[in-house]
Amino acid sequence: QVQLVESGGGLVQAGGSLRLSCAASGRTFTMGWFRQAPGKERELVAIITWTGGTTYYANSVKGRFTISRDNAKNTVYLQMNSLKPEDTAVYYCAASRSVYIGRGLADYDYWGQGTQVTVSS
């Protein structure tokens, strides 16, 4: 069983930056970040494979967000730059024991509790 704990969320002004961290209690392979805004469905933000060699970004964050991982620490990061009010959401870390990229919620075995990111205009 793997537990995931997110941190780094908070309130920032538009144009600012935040770095989210997700610490896993055990070894994981593919990891991803999802977000859920009020009144909307949970959506994929970014994915990274266990080697870090393959990443995927939603078009809405491409060029602004960067996902990375440190396998020695079992930690994945989401660097968020040039934040916009529409980025406001609860951000969730997810992990899979599979080495394959998955874009759906069902592809992930473990989920964190979520961390709130609020971007003011």
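The values are calculated or read from the model by the stated rules, or taken from the named source; none is laboratory data. It should be emphasised that the depicted structure is a prediction, and the values quoted were computed from it without experimental measurement. Here the Cβ is made from the backbone with ideal geometry for all residues, glycine too, and neighbour counts use every protein chain on show. Remember, those area values only see protein heavy atoms, side chains included, never the ligands or the DNA or RNA. Shrake-Rupley method; radii C 1.70, N 1.55, O 1.52, S 1.80 Å.
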Would you check which residues across the stretch 29-49 are touching a strand residue (DSSP E or B) at 6+ places or on another chain (Cβ under 9 Å), open to solvent by 10 Å² or more (accessible area, probe 1.4 Å) and either over 17 Å from Gly104 (Cα atoms) or modelled with pLDDT of 95 or more (or both) and list them?
-> Arg35, Gln36, Ala37, Pro38, Lys40, Arg42, Glu43, Leu44
For Asn59, which of the numbered conditions (1) surrounded by 14 or more Cβ atoms within 10 Å (Cβ to Cβ); (2) closer than 14 Å to Arg103 by Cα fails to hold?
-> (1)
Of the residues that sit in the stretch 36-47 and are touching a Ser or Thr at 6+ places or on another chain (Cβ under 9 Å) and in a strand (DSSP E or B), which one is farthest from Val5 (Cα to Cα)?
-> Glu43
Residue check, Thr115 against (1) surrounded by fewer than 16 Cβ atoms within 10 Å (Cβ to Cβ); (2) among the polar types (S, T, N, Q); (3) at pLDDT 95 or above; (4) farther than 15 Å from Val2 by Cβ, all met but one. Which one?
-> (1)
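Looking only at the stretch 77-107, how many residues end up being open to solvent by less than 10 Å² (accessible area, probe 1.4 Å) and of a type in the set (A, V, I, L, M, F, W, C)? Lay out the reasoning, then the answer.
So in the stretch 77-107, the residues open to solvent by less than 10 Å² (accessible area, probe 1.4 Å) come out as 78, 80, 83, 87, 89, 91, 93-96, 102.
Now narrow it down to the ones that are of a type in the set (A, V, I, L, M, F, W, C): 78, 80, 83, 89, 93-95.
Going through the stretch 77-107 one residue at a time, the tally reaches 7.
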